[in-house]
Amino acid sequence: MNEMTKIAVQTTLKDWETDQEVRWCPGCGDYAILKAVQRTLPEIGADPAKTVFVSGIGCSSRFPYYVESYGFHTIHGRAPAFATGLKLANPELDVWLVTGDGDGMSIGGNHTMHVLRRNLNTQILLFNNEIYGLTKGQYSPTSRMGTVSPTTPLGSVDRPASPCAFALGAGGRFIARAYDVSKELPAVLKAAHAHQGAAFVEIFQNCIVYNKDVFADFTEKAGAATGQLWLKHGEPMLFNKGTKGIALDTDTLSLKVVDVVDGDWETAGVRVHDVKNRAMAHLLVEMPFGPFPMALGVIYDDPRPTFEAAVIEERARASAGKTANLAALLSKGQTWTVSADQA
């Protein structure tokens, strides 16, 4: 988010829809994410003339074509570099960075790391479907062990990367999770936009062609109660309709699932979520699904000064009391003259 967004611009959902044909597979989770973003933009008072969507390569990276704003469809894994240039050139722009688990965690892993540690003021949406969809189903950095694909016909033996753990380790100051068809996704997007700095949102996305229903154990209605832990600042970490919660084992400094009897979560030792608790955020994003529910919502939110603000301040100090003189700058240092005879 930036200062200009404080002056709300009145738009509707239709104002953010383009005339481009949406070229995702029918039923792809990307449709739901697109609609959630388009619905969120009017609610935060975003201005199409000052909004930019930047993407790399992959199914998710077609996103800029479908949002009626400025957009850059860049090169594989390098969207953070383009986003950084945009924010430094014009800090008033509201920059959204759209990437996928392959684009952002493999070839672009180093760029993702640097945009997070620098704390560029941008919203980073990483669509995680645990597969390479655009290039026909190869396994990706987030694919689970045993994933059968054209590049792992006997099943993947790689241990998958955790995007949120990666983002925290890279110095990210805002970490959140949601999934494509969740009704809570717009609220997570609003929280990311309100954060001053790099806001990292992992969105579980169903690739119906190459990795169908890989998240069904917690996204489908049958498993939602036991499989989803929606975190809200200042509220106890409860799930399964309040009958279970997350507590801290002080002997091992690890999390555990506890039963909650008659709603008495305090006696059960259930933790209250604090978005500024970085140590707890690490534990939450590392919880193995199955024994634990999937941690969703805003997991960590602790702002610090942004990269572009520091650059602007540095430029102001360097130019203070000086008069711009391009000719003097060009002639500074070693110079020489080439005579007509020498030429």
Among residues of region 42-83, those that are more than 28 Å from ALA310 (Cβ to Cβ) and either part of a helix (DSSP H, G or I) or open to solvent by less than 10 Å² (accessible area, probe 1.4 Å) (or both), counted: 10
Can you tell me which residues in region 32-41 are open to solvent by 30 Å² or more (accessible area, probe 1.4 Å) and free of Cβ contacts under 8 Å to residues at least 60 places away in the same chain? LYS35
Got a number for residues in region 84-102 being part of a helix (DSSP H, G or I) and open to solvent by less than 10 Å² (accessible area, probe 1.4 Å)? 3
From (1) open to solvent by less than 40 Å² (accessible area, probe 1.4 Å); (2) under 30 Å from LYS87 (Cβ atoms), pick out the condition that doesn't hold for HIS233. (1)
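The rows are residues; the columns are (1) open to solvent by less than 10 Å² (accessible area, probe 1.4 Å); (2) touching a Leu at 6+ places or on another chain (Cβ under 8 Å).
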residue: ARG118; (1), (2): no, no
residue: GLN123; (1), (2): yes, yes
residue: GLY137; (1), (2): yes, no
residue: ARG144; (1), (2): no, no
residue: PRO150; (1), (2): no, no
Looking at SER162, is it surrounded by fewer than 22 Cβ atoms within 10 Å (Cβ to Cβ) and under 15 Å from VAL285 (Cβ atoms)? yes
Filtering region 189-204 down to residues that are hydrophobic (A, V, I, L, M, F, W, C) and part of a strand (DSSP E or B), which residue is farthest from GLU43 (Cα to Cα)? PHE204
Within region 5-28, can one find any residue that is in contact (Cβ under 8 Å) with a residue 60 or more places away in the chain, buried (at least 17 other Cβ atoms within 10 Å of the Cβ) and under 30 Å from ARG159 (Cα atoms)? yes
So if I check each of ALA161, ALA222, which one is over 24 Å from VAL272 (Cα atoms) and either polar (S, T, N, Q) or in a helix (DSSP H, G or I) (or both)? ALA222
Show me the strands (runs of 3 or more DSSP E) entirely contained within region 236-343 in which 3 or more residues are free of Cβ contacts under 8 Å to residues at least 40 places away in the same chain and under 30 Å from TYR179 (Cα atoms). 244-249, 254-259
Residue check for LEU284: within 23 Å of the chain's Cα centre (by Cα) and modelled with pLDDT of 95 or more: yes
Would you confirm, using the coordinates I've provided, whether MET145 is in a helix (DSSP H, G or I) and modelled with pLDDT of 95 or more? no
Pairing a residue in region 103-131 that is without any contact (Cβ under 8 Å) to a residue 40 or more places away in the chain with any residue that is among the hydrophobic types (A, V, I, L, M, F, W, C) and surrounded by fewer than 23 Cβ atoms within 10 Å (Cβ to Cβ), where Cβ atoms lie under 6 Å and the two sit 6 or more apart in sequence or on different chains, gives HIS111/ALA81
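The values are calculated or read from the model by the stated rules, or taken from the named source; none is laboratory data. Remember, it's a predicted structure, so these values are computed and weren't measured experimentally. Backbone-built Cβ (ideal geometry, glycine too); neighbour counts: all protein chains shown. We work out accessible area using only protein heavy atoms, side chains counted, and drop any ligands, DNA or RNA first. Shrake-Rupley method; radii C 1.70, N 1.55, O 1.52, S 1.80 Å.
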